[in-house]
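The values are calculated or read from the model by the stated rules, or taken from the named source; none is laboratory data. Values in this document were obtained by computation on a predicted structure and should not be read as measured data. When we count neighbours, we look across all protein chains shown, and the Cβ atoms used for this are built from the backbone with ideal geometry, even at glycine.
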Amino acid sequence: MRLEGSFEVDQPANFVWRKVKDPNLMAGCIPGCQNVEQLDEKNYRADVLVTIGIIRASFNLNIEVIKEIENLELQSRTTGQEGTQASIISSENTLSLKAISEQKTKLEFSSEVTISGRLGKYGLGIIKKSALKMADEFAANFSRAIETGSAKVSTEPIILPKTSIWHKILEFLGMYRAIPFGKSNIEKKDPQKFSQTDILLNPSSISDAIEMLVANQHRVPIAGGATLVAMLNANLIDPAGLVNLKGLAELSGISRNSSGEVKIGALSRHAETAESDLLIGGLSGLKDAAQKIANPIVRNMGTMGGSVAFADPAADYIPALVAADAEIEIASSGELSRLPIRDFFVDWYKTVLKPGEIISALYLPKPNKLAMGHHEKFARVEGDYATASVNIILSMKGKTCDSIKLAVGACGPMPVRLLDVEKRLEGSDLSETLLLKAGNELADACDPTDDVRGTADYRRKLVPQLVICAVQNAQKKLLERRPT
């Protein structure tokens, strides 16, 4: 993959060149760079920590300067691997300086990057977007460093727990026999004294679970394990330990409160959601999404909270929850808080959850019994993650649209909804011409990646067709529901 960009600094080219040649300053500007060591005039070694969601990869890099044209250009070659040798990276890099004036210099950079191993399989599209953000951060850091004359370099060592024990964890995760590693009652032991040898912790309450997570921010909560098992097997994550939420009954169940809201506990299985009699009318789109998740084995293991917390944009629940204007309840030390689901997702595989916080429930507004929900999903094969999806909530008055909500999934870091598009469709006959225009506007607002399920352009082309299919299928369900 190719990365390139440019930025300007208010300093003469010869001054900027000296800064470019300063390895400590450069290392301080690179996001995630832990330390740098100059081996000789042309060779350097550095440790860089890359974080994407809950995935952490520590790279040991060697940088060789292969060409210098003073005050004009620096060419280098980077090679390296993770400490676990799970991913290999190599790149050919060029940094060029162009004097715009006596006191202004433009820097242009480009890299041809190759990544293999676990991060390569994880999705080069997302890796590229993350790398471009790192490049933007580097540009901002370098500009500040030029102004202040220095950049702070972190000297803290990278410490990631060993992976050799994780095959034992798989014996626990619902598919195999349960083995009680760790402690079952946090009150019997000071949380601050837990060590990385406490691999699997079994809290007796939500507050216990939160204390365990607060005690070590590199621990990860586990519910059904449908996603986490796969990630552990693929060596995509390496947590210090797992906090088992399975036994916490207060996180389970689907119910309706006095105001008519539907509450789905974080530990509710996909199969429960797919069969719930409470998800009717406008909320049936969430039920439909649950029915299209993977296969019966995964639906009987995976949980609502686990799926939402992982924040995979291709997951079926996420656009359905956004279309339904759901709220998410978060438990932290001593309190519960709620926020709109649209404010929960931050970026690719990233949410607002902080260490020591867990999802306790999802709340859906009182269902509109006159509306109909539908989840339109395009996948390579049945049960796969979506290449693109559209979740709809539709109500009609005769042949006229009374209200409509459309959320596009798998086409960006978070679902896409355009309220102005929905507003324009209300009161219309929902003709294919109008729907095609709406679909194109939604597609233009998407920010998809290239991966094994499809290119970004392919995903954008799918969106208008999925919008049309979603509306037509929702209309068909409304007609079928009417008494004869």
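Scanning the stretch 445-475 for residues that are of a type in the set (Val, Ile, Thr) and either surrounded by 21 or more Cβ atoms within 10 Å (Cβ to Cβ) or not in a helix (DSSP H, G or I) (or both) returns Thr449, Val452, Thr455, Val463, Val467, Val471.
Condition check ((1) within 21 Å of Ile293 (Cα to Cα); (2) free of Cβ contacts under 8 Å to residues at least 60 places away in the same chain; (3) not in a loop (DSSP other than H, G, I, E, B)) across all residues:
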position	(1), (2), (3)
Ile392	yes, no, yes
Met396	no, no, yes
Asp402	no, yes, yes
Val408	yes, no, yes
Arg424	no, yes, yes
Ser428	no, yes, no
Leu436	no, yes, yes
Gly439	no, yes, yes
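Among the small types (Gly, Ala, Ser) and either surrounded by 15 or more Cβ atoms within 10 Å (Cβ to Cβ) or part of a helix (DSSP H, G or I) (or both), is that true of Ser258? Answer is no for this residue.
Of all residues in the stretch 94-113, those satisfying the criterion of being farther than 23 Å from Ile66 by Cβ and either of a type in the set (A, V, I, L, M, F, W, C) or free of Cβ contacts under 8 Å to residues at least 24 places away in the same chain (or both) are Ala99, Ile100, Ser101. Among the residues making up the stretch 261-280, those that are in contact (Cβ under 8 Å) with a residue 24 or more places away in the chain, charged (D, E, K, R) and surrounded by fewer than 19 Cβ atoms within 10 Å (Cβ to Cβ) are Glu261, Lys263. Among the candidates Arg77, Arg18, the residue that is more than 25 Å from the chain's Cα centre (by Cα) and free of Cβ contacts under 8 Å to residues at least 12 places away in the same chain is uniquely Arg18.
When the stretch 261-283 is filtered for residues that are among the small types (Gly, Ala, Ser) and not in a loop (DSSP other than H, G, I, E, B), the ones remaining, listed by number, are Gly265, Ala271, Ala274, Gly281, Gly282. Against the test of being small (Gly, Ala, Ser) and part of a strand (DSSP E or B), the options Gly373, Gly356 yield a single qualifying residue, Gly373.
Regarding the stretch 428-440, can at least one residue be identified that is modelled with pLDDT of 95 or more, in the same structural domain as Arg380 (by TED's automatic domain parsing) and over 24 Å from Ala371 (Cα atoms)?
To start, the set of residues in the stretch 428-440 that are modelled with pLDDT of 95 or more comprises 428-440.
Now restrict to residues that are in the same structural domain as Arg380 (by TED's automatic domain parsing): 428-440.
Adding the requirement that they be over 24 Å from Ala371 (Cα atoms) leaves 440.
Checked against the condition, which is being modelled with pLDDT of 95 or more, in the same structural domain as Arg380 (by TED's automatic domain parsing) and over 24 Å from Ala371 (Cα atoms), the stretch 428-440 yields at least one hit.
With respect to the conditions (1) under 19 Å from Ala311 (Cα atoms); (2) at pLDDT below 95; (3) surrounded by 19 or more Cβ atoms within 10 Å (Cβ to Cβ), Asn235 lacks only one, and its number is (3).
Output the residues belonging to the stretch 201-246 that are assigned to a helix (DSSP H, G or I) and within 23 Å of Val298 (Cα to Cα). Those that are assigned to a helix (DSSP H, G or I) and within 23 Å of Val298 (Cα to Cα): Ala226, Thr227, Leu228, Val229, Ala230, Met231, Leu232, Asn233. Of the strands (runs of 3 or more DSSP E) lying entirely inside the stretch 1-94, those containing at least 3 residues that are within 17 Å of Ile127 (Cβ to Cβ) and touching a strand residue (DSSP E or B) at 6+ places or on another chain (Cβ under 7 Å) are 2-9, 43-52, 55-69, 73-82.
Within the stretch 145-156, the set of residues being modelled with pLDDT of 70 or more and surrounded by 13 or more Cβ atoms within 10 Å (Cβ to Cβ) comprises Ala145, Ile146.
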